[in-house]
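No value in this document is a laboratory result; all are computed from the given coordinates. This is a predicted model, so every value here is computed, not measured. Using ideal geometry, Cβ is built from the backbone for each residue, glycine included, and neighbour counts are taken over all protein chains shown.
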Amino acid sequence: MRAFVLSPSIPASPSSELPTAPEVAPEAVPEAALETQVRKADHLRICLDEDVQSHRITNGFERYRFTHCCLPELNRDDIDLGIPFLGKRVKTPLLISSMTGGTEQAQLINQRLAKTAQRYGLAMGVGSQRVAVENPALNRTFSVRKYAPDALLFANLGAVQLNYDYGVSQCQKAVDVLEADALILHLNPLQEAVQTEGDVNFKGLFAKIERLATVLPVPIVAKEVGNGISAVMAERLMNAGVAAIDVAGAGGTSWARVESERARDPKQRRLGNTFADWGIPTAACISQIRQMSKTVPLIASGGMRNGLHAAKAIALGADLAGLALPFLQAANQSEAALAQLSEALIAELTTVLFCTGCATLEDLRSPGILLNAN
């Protein structure tokens with residue numbers, strides 16, 4: 001599953017106002033939950049300490065350039081970054097992509113991220129809540145609504161779990177714990193194939209997603225984890241009742257490489273290295289899906305590292321731009337680091353609009369604003 005869980009080695013900020021409830025005693029934790037926690041801790045350590053970024057494939061945004069406007073006829077302070085998404089208006093078209101949950105340190109990170117989302121008008125997703133389904137005592141590590149009362153929040157479970165005894169009840173609980181506005185079902189066949197203990201039965205999931213979409217009271221977002229969603233697959237997912245697509249394309253963190261790093265089986269390690277740069281670049285996903293559908297709510301994530309990337313994604317047709325690793329690195333430091341990052345991203349995005357003569361995000365999609373540099 002694509003979800004970071006902070007390892008106990010990462011210290012909490014001494015100035016934090018977090019509850020000091022002890023970790024759940026190991027003997028009280030189901031074995032499956034312990035295994036999941038260990039896996040997620042491995043993911044975090046590897047993502048922070050090892051080179052697991054894509055090497056031979058990029059997010060594709062380097063192929064595009066904005067047309068500079070030397071006289072924008074705008075007051076920069078009047079630029080509006082707000083946008084409606086799934087029935088809720090966000091002040092800034094940036095998403096803190098799904099990352100973490102499941103430990104005391106993860107609780108600290110999620111609280112820091114939620115406070116940042118509230119302060120800057122960002123959307124936020126949490127990491128896979130499977131660990132809390134396996135051990136409900138860990139629900140508190142995901143429960144962040146009180147820190148972000150106005151934010152657009154996404155709960156998160158793996159779609160493949162619908163083939164492993166998960167159903168409406170587990171999905172509804174994930175939504176309820178977060179008081180979420182929508183549920184992400186993440187799609188990660190390559191990661192599961194490389195993961196030694198991966199769940200690889202993806203058969204019949206379209207029908208199960210369709211049934212879930214008819215009864216769940218919140219929208220479903222289909223999200224890849226770094227290998228992309230094609231226009232063909234996006235259309236099938238929409239036909240199954242999915243309300244929004246998060247392309248999570250190639251060009252950022254390679255989860256095949258992450259799983260290769262933690263694999264003990266030589267075959268699995270080789271498999272991860274072979275497929276480390278597999279996938280559809282994020283920019284290609286966005287442009288292809290938007291050509292297929294002008295109306296589907298669309299999130300661009302996968303190798304997004306700055307506000308210029310976000311602006312290009314929005315110009316290509318995305319509604320929100322999601323970043324994970326930059327927010328993880330900042331949240332691992334402090335709330336101050338998160339504030340610095342958020343303000344930098346907003347300034348970069350605003351500068352693109354100002355220097356292209358665009359007062360709104362919709363203006364950024366006007367013909368001639370973003371050009372293919374090839």
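Here the sum of -39500 (n - 2.57) over DSSP H runs of 4 or more residues, divided by the residues of the chain, equals -11500 deg cm²/dmol at 222 nm, to the nearest 500.
In this simple spin-label model, placing a label point 7 Å from the Cα along the Cα-to-Cβ direction at both T295 and E197 gives a separation of 4.4 nm. Shape class of the stretch 48-124 from the alpha-carbon gyration tensor: oblate, with a/c at 1.5 or above and b/c at least as large as a/b. Rank N75, N306, N227 by mean-square fluctuation in a GNM of the chain with C-alpha springs under 10 angstrom and give only the top-ranked residue. With Cα springs under 10 Å in the chain, the top fluctuation among N75, N306, N227 is at N75. Other residues lying with their Cβ under 13 Å from the Cβ of D363 contribute a combined charge of -3, Lys and Arg counting +1, Asp and Glu -1. Between P93, P297, P266, the residue with the greatest mean-square fluctuation in the GNM of the chain (Cα pairs under 10 Å linked by springs) is P266. Packing order of peptides 205-217, 62-74, highest average first: 205-217, 62-74 (average count of other Cβ atoms within 10 Å over each peptide's residues). Taking the Cα atoms only, what angle lies between the long axis of helix 282-292 and the longest principal axis of the chain, rounded to 10 degrees? Around 70 degrees separate the two axes.
Here the chain carries DSSP beta bridges of which approximately 20% are antiparallel, counting only pairs with both residues inside. Among A117, A336, A300, the largest mean-square fluctuation in a Gaussian network model of the chain, built with springs joining Cα atoms closer than 10 Å, belongs to A336.
Centre-to-centre separation between the Cα atoms of the stretch 320-348 and those of the stretch 34-59: 19 Å. For mean projected area of the Cα convex hull in nm², computed directly from the structure shown, the correct entry in (i) 23.5; (ii) 19.1; (iii) 17.8 is (iii). Once the Cβ-Cβ distance of D165 and N273 is raised to the sixth power relative to R0 = 30 Å, the FRET efficiency obtained is 0.40.
Let me know the shape class of the stretch 195-300, please: from the alpha-carbon gyration tensor, a ≥ b ≥ c as square roots of the eigenvalues, rounded when a/c is under 1.5, otherwise prolate if a/b is greater than b/c, or oblate.
oblate
With 10 Å bins beginning at zero, the pair-distance distribution over Cα atoms of the stretch 18-173 amounts to 9, 28, 32, 20, 8, 3, 0 %. In terms of its C-alpha gyration tensor, the stretch 242-339 has an oblate overall shape, because the principal axis ratio a/c (a ≥ b ≥ c, square roots of the eigenvalues) is not below 1.5 and a/b does not outweigh b/c. Here the simple spin-label model places points 7 Å from the Cα toward Cβ, and for E31 and N306 these points are separated by 5.0 nm. Protection proxy ranking, highest mean first, for peptides 109-115, 164-170, 55-61: 109-115, 55-61, 164-170, where packing is the per-residue count of other beta-carbon atoms within 10 Å, averaged.
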